[in-house]
Amino acid sequence: MTPTLNVHIQRAPDEHAMACLQSSLDPLVEITVAEDTSRDDQVTVLVSGRPNKEEINRFPQLEKLIIPWAGVPEETFEVLKAKPAIEIHNLHHNAVPVAEYALMLMLAAAKNIIPMDRALRLSNWQLRYETGTASLLTGKTALILGYGHIGRVLAKYLKSFDMNVTATRYSVKFPQAEDRVEVYPANSLRSLLPKTDYLIIALPHTPETDGLIGEPEINLLPPSSILVNIGRGAVVDQGALFHALKTKRIASAGIDVWYNYPKNEESRINTSPADYPFHELENIVISPHRAGGLNTDDTERLRMSHLAILLNAQARGDEMPNRVDRQKGY
């Protein structure tokens, strides 16, 4: 059978991941990987997160770029400015791992587990006898900013704690209920914050969301509130967040996404994640952008199964899911 869809994967998956992908693919899909140039002139779909100009120009028939995760790096948008006809698509395989991780950060921050762990490792039981060091979830209100793939999964988890769950979504123009979650348009944010006990950010970084949560927004939150960010660091103003935590303007936070990242392998052991010393604070749980479960077998299996869905749709002549709106940035 002659393939009708030629796909190149820029970074070769490991043997197990590749086997998972091949077992799910339509026979009409032909895959090349890494340095295999045998079908460059026939490739119409490229799977790559950060292709450079040369890598894009390598494929003269290229029609679609699949980013193998959620979101689009700024440098990728920049490279593709010269190629406006190329469609960009995301994979949302990580919705469940990220939602689980967000819940873990929220529980760790709410229950003050990190300071207690550190203290007891030193045989210090002091925190057992202190009051006001933990928060309940049951009966509290959670606000999810970004009711997309991750937000929907997370909402189900939060509802199992008998929480009141609200959310914002940019495509919603009026309040509506979905799965017992009240979903509001983005411009309702300031009216929702004073009633929010847990603020969970699951937004991409776009011009609309840059610095969305700053000092004025944080000051609208109750003092007992907890902030969790598994979206993108720049959605929250880092100075405002640091000072709110340092002065106990809010109770605590759980953060997995940051402002500074290592630029190379050597800098992985000495790059501060922010311009402020968050590591000095006891009321924050910090994590090195691991919510997606990077490089785990489960995550790669999910990634390959979701990639197969997109490629099979394209091979059958159906509309490929998860197209990114270039103007909106997601």
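The values are calculated or read from the model by the stated rules, or taken from the named source; none is laboratory data. Predicted, not measured: the structure shown is a model, and the values here were computed from it. All Cβ positions, even for glycine, are placed from backbone atoms using ideal geometry, and neighbour counts span all protein chains on display. When the accessible area is computed, the model is the full protein with side chains, heavy atoms only, and any ligands, DNA or RNA have been set aside. Shrake-Rupley method; radii C 1.70, N 1.55, O 1.52, S 1.80 Å.
Out of curiosity, is Val236 open to solvent by less than 40 Å² (accessible area, probe 1.4 Å), modelled with pLDDT under 95 and either over 20 Å from Lys140 (Cβ atoms) or among the basic types (Lys, Arg) (or both)?
Working: open to solvent by less than 40 Å² (accessible area, probe 1.4 Å): yes; modelled with pLDDT under 95: no; either over 20 Å from Lys140 (Cβ atoms) or among the basic types (Lys, Arg) (or both): yes.
It is false that Val236 is open to solvent by less than 40 Å² (accessible area, probe 1.4 Å), modelled with pLDDT under 95 and either over 20 Å from Lys140 (Cβ atoms) or among the basic types (Lys, Arg) (or both).
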Worksheet, complete the sentence: Per the filter on the range 133-161, residues in a helix (DSSP H, G or I), of a type outside the set (Gly, Ala, Ser) and either open to solvent by less than 60 Å² (accessible area, probe 1.4 Å) or in contact with an Asp or Glu (Cβ under 8 Å, 6 or more places away or on another chain) (or both) are Ile150, Arg152, Val153, Leu154, Lys156, Tyr157, Leu158, Lys159
Practice prompt. Evaluate the following for Tyr276: is it under 22 Å from Gly211 (Cα atoms), in a loop (DSSP other than H, G, I, E, B) and within 16 Å of the chain's Cα centre (by Cα)?
Written response: no
Worksheet, complete the sentence: The residue from Ile250, Ile226, Ile255, Ile230 that alone is among the β-branched types (Val, Ile, Thr) and surrounded by fewer than 24 Cβ atoms within 10 Å (Cβ to Cβ) is Ile250
Worksheet item: Name the residues in the range 162-189 that are over 18 Å from Ile150 (Cα atoms), at pLDDT 95 or above and assigned to a loop (DSSP other than H, G, I, E, B), would you?
Response: Asp162
Worksheet item: For Leu311, all conditions in the list (1) among the aliphatic types (A, V, I, L, M); (2) within 25 Å of His92 (Cβ to Cβ); (3) part of a helix (DSSP H, G or I); (4) free of Cβ contacts under 8 Å to residues at least 40 places away in the same chain hold save one; what is the number of the exception?
Response: (4)
Worksheet item: Out of Leu192, Leu220, Leu203, which single residue is of a type in the set (A, V, I, L, M), touching a residue at least 40 places away in the same chain (Cβ under 8 Å), more than 23 Å from Asn112 (Cβ to Cβ) and assigned to a loop (DSSP other than H, G, I, E, B)?
Response: Leu203
Worksheet, complete the sentence: Scanning the range 65-95 for residues that are part of a strand (DSSP E or B) and open to solvent by 20 Å² or more (accessible area, probe 1.4 Å) gives Glu87
Practice prompt. Being in a strand (DSSP E or B) and in contact with a His (Cβ under 9 Å, 6 or more places away or on another chain) is the filter; apply it to the range 18-59 and report the residue that is most open to solvent (accessible area, probe 1.4 Å).
Written response: Val33
Response to the item:
Of the residues in the range 283-317, those that are open to solvent by 80 Å² or more (accessible area, probe 1.4 Å), modelled with pLDDT of 95 or more and either closer than 21 Å to Ala102 by Cβ or in contact with a Gly (Cβ under 8 Å, 6 or more places away or on another chain) (or both) come to Ile286, Pro288
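In the list Leu62, Leu107, which residue meets the criterion of being in contact (Cβ under 8 Å) with a residue 12 or more places away in the chain and in a helix (DSSP H, G or I)?
Numbers: Leu62 fails: in a helix (DSSP H, G or I).
Testing whether each residue is in contact (Cβ under 8 Å) with a residue 12 or more places away in the chain and in a helix (DSSP H, G or I) leaves just Leu107.
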Discussion item. Every residue in the range 96-108 that is surrounded by 21 or more Cβ atoms within 10 Å (Cβ to Cβ) and more than 11 Å from the chain's Cα centre (by Cα), please.
Written reply: Leu103, Leu105, Met106
Item to complete: Considering only the range 2-42, state which residues are within 16 Å of Gln314 (Cβ to Cβ) and of a type in the set (A, V, I, L, M, F, W, C).
Response: Leu5, Val7, Ile9, Leu21, Leu25, Leu28, Val29, Ile31
Worksheet item: If you take the residues of the range 110-132 that are part of a loop (DSSP other than H, G, I, E, B) and open to solvent by less than 80 Å² (accessible area, probe 1.4 Å), which of them is modelled with the highest pLDDT?
Response: Asn124
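Test of understanding: among Tyr198, Tyr184, which residue is within 18 Å of Met104 (Cα to Cα), among the aromatic types (Phe, Trp, Tyr) and either buried (at least 17 other Cβ atoms within 10 Å of the Cβ) or touching a residue at least 12 places away in the same chain (Cβ under 8 Å) (or both)? Break it down stepwise before answering.
On the way: Tyr184 fails: within 18 Å of Met104 (Cα to Cα).
Only one candidate qualifies: Tyr198.
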